[in-house]
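The values are calculated or read from the model by the stated rules, or taken from the named source; none is laboratory data. These numbers come from a predicted model, not from an experiment. Every residue, glycine among them, receives a Cβ derived from its backbone with ideal geometry; neighbour counts consider all protein chains shown. The accessibility values were calculated without ligands, DNA or RNA, using every heavy atom of the protein model including side chains. Shrake-Rupley method; radii C 1.70, N 1.55, O 1.52, S 1.80 Å.
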There are 2 protein chains.
Amino acid sequence: MAVTDEAIEKIKGMIVSGALRPGDRLPRESELAAALGLSRNSLREAVRALSLIRILDVRQGDGTYVTSLDPQLLLQAMSFVVDFHRDDTVLEFLAVRRILEPAATAMAALRIGEQQLDALAAQLDRLGDSPSVEELVACDLEFHRGIVQSSGNSVLCSLLDGISGPTTRARIWRGLTQEDAVARTLREHRAILAALRDRDAETARSWATVHIASVEQWLRSSL
Amino acid sequence: MAVTDEAIEKIKGMIVSGALRPGDRLPRESELAAALGLSRNSLREAVRALSLIRILDVRQGDGTYVTSLDPQLLLQAMSFVVDFHRDDTVLEFLAVRRILEPAATAMAALRIGEQQLDALAAQLDRLGDSPSVEELVACDLEFHRGIVQSSGNSVLCSLLDGISGPTTRARIWRGLTQEDAVARTLREHRAILAALRDRDAETARSWATVHIASVEQWLRSSL
DNA sequence: ATGACCCGATACGTCGGAGGTCTTCAACGC
DNA sequence: GCGTTGAAGACCTCCGACGTATCGGGTCAT
């Protein structure tokens, strides 16, 4: 095993074992390199790799710190990975989203606050009559994100955030080729919101399922 | 933005755009560094980071290649990230698993082959009467893994692999020393297998839900 | 002709050192 | 009291050199 890989494992071990806690500052490069028994260059490769997946936060002129290690932060690195997937796996991601998002929406129905409900409503109202495709995609993402955040499970939220990345393109295609898609999406959004306001978890789950299934169906028929 | 981060983005761009395809070989370090306008050391940091998340495969003495980019391979890096999560987030991961795994089990009921069913049965039989904790963890992991693989969705499979990896499961099992918990788990495994054999998706889903919920309930009461 | 073995070319792995740039913070002058 | 300035500390980038692993062609014995 390469010394850099050893260094990655050692740093990981220090964090997992608790020797390094979230927010802690690492020894400076030269010291850490000496402590782990490798050169500064090789250590930097290890630090850079851990920095890419948000384990470490390197600040020039200051130092290197352990991040908060929040699920939200760590799983955020997943969207980077997801970007590499080819179009032919979009359907698989969408299938996973069809499992997760209705469940998250149902969970949100039981615990979403009045404030969040108003915020979602205001967000839907803010969208004009003839929004651009970019506005529609952004609104769609933000709407579902707001709901999933109200599910109270940050892991679930981050996971959905990650896998919604590749479907973004699908949403754009859909907006470009189906005229009535815009109106239908907005109607479904309002239906989901109404179910949330009624604290009707099953109806909210069903609307979410319908909402995603329509995208999936269109995508399946057009590939 | 640092030159290394630029290099990461450029390499990512080359892959996403299709200029580099899965299995392709990259130019040698010195050439690629010159092409991207940075030093070999800085480029190596970028390559190392992409290597950690299985985008690139570096072989000493040979060259650097783009991996297959399979969802299975890329999401495998997620288990590395999950290892960093603290015990207090185990419940959130388990909640996500409780959503995904019943769905995956139901999907598997519709398409699992006789051969896989026999393999699962043989695997359950192989476990002795008084297995060690390590054997239990391995058996539990392999059983659910086998089912999820039969769901036919590699993204779903990899995702579940990541969030219920060895580390996470070991943490749970370490506390589950109660004898009846072990026996109950094994009974539930056989019930799930029976439902799969009957092609009864709803029963399989329910057993999977019960199976995970019991773990979740125990964990919640003991924290 | 076939197989094992050797060896050079190639490419990644590691190292040490030299400047450069950025952040922080305390000392200074107004 | 406040803004400025300077130095110290830490990361950033580069260079050149050497070590090590892999591959492929050539050689030699069978």
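Values as computed for the structure displayed
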item: Average accessible surface area per residue within segment B:72-221, 1.4 Å rolling probe, Å²; result: 44
item: Relative contact order of segment A:82-213, defined on C-alpha pairs under 8 angstrom at six or more residues apart (%); result: 44
item: Largest-first ordering by accessible area, 1.4 Å probe, given options A:T203, B:T4; result: A:T203, B:T4
item: Inter-chain shielding of B:146-159 (mean C-beta neighbours from other protein chains, 10 Å cut-off); result: 3
item: Inter-chain Cβ neighbour average for residues B:70-83, partner chain, 10 Å; result: 5
item: Segment B:52-91 residues near the modelled A:A2 label - backbone nitrogen below 15 Å, point 7 Å along Cα→Cβ; result: B:52-67
item: Tilt relative to chain B, helix B:179-197 - C-alpha long axis, 0 to 90 degrees, to 10; result: 80
item: Inter-chain shielding of B:41-53 (mean C-beta neighbours from other protein chains, 10 Å cut-off); result: 6
item: In nm, spacing of pseudo-spin labels at B:N41 and A:E29 (7 Å Cα→C-beta vector); result: 0.7
item: Inter-copy spacing of A:E134 label points, which lie 7 Å from Cα along Cα→Cβ, given in nm from shortest upward; result: 5.7
item: Carbon + sulfur, % of accessible area of segment A:72-221 - ligands and nucleic acids excluded, 1.4 Å; result: 51
item: Integer Hz, Karplus 6.51/-1.76/1.60 couplings in order for segment B:69-77, x for Gly and Pro; result: 6, 4, x, 4, 6, 6, 6, 4, 5
item: Net charge of neighbours whose Cβ lies under 13 Å from the Cβ of B:R25, counting Lys and Arg as +1 and Asp and Glu as -1; result: -2
item: Calculated from backbone phi, Karplus (6.51, -1.76, 1.60) coupling profile of segment B:94-111 in Hz, x at Gly/Pro; result: 5, 4, 5, 5, 5, 7, 6, 5, x, 5, 5, 5, 5, 4, 5, 4, 8, 9
item: Mean Cα-pair separation over length for segment A:1-67, i.e. relative contact order, pairs under 8 Å, 6 or more apart, %; result: 38
item: Longest segment of chain A lacking trypsin sites (Lys or Arg not before Pro) that sit in a DSSP loop with at most 16 other Cβ atoms within 10 Å; result: A:87-198
item: Backbone N within segment B:138-158 under 14 Å of label point (7 Å from B:V182 Cα along the Cβ vector); result: B:138-140
item: In order through segment A:32-41: 3J(HN,Hα) via Karplus (6.51 cos²θ - 1.76 cosθ + 1.60), integer Hz, x for Gly, Pro; result: 4, 4, 5, 5, 8, x, 8, 7, 4, 4
item: Sequence-distant aspartates and glutamates (8 or more away, or on other chains) whose Cα lies within less than 19 Å of A:K10; result: A:D24, A:E29, A:E31, A:E45, A:D57, B:E45, B:D83
item: The protein assembly as shown - mean residue ellipticity at 222 nm from DSSP helices (-39,500 (n - 2.57) per run, n ≥ 4, rounded to 500); result: -23500 deg cm²/dmol
item: Teacher prompt: A:S68 distances to equivalent labels in other copies, 7 Å Cα→Cβ, nm; result: 3.8
item: Inter-copy separations for B:Q116, label at 7 Å along Cα-Cβ, nm, ascending; result: 3.5
item: Chain A - percent relative contact order, Cα under 8 Å, separation 6 or more; result: 23
item: Accessible area buried at the B-A interface, both sides summed, 1.4 Å probe (Å², nearest 100); result: 4100
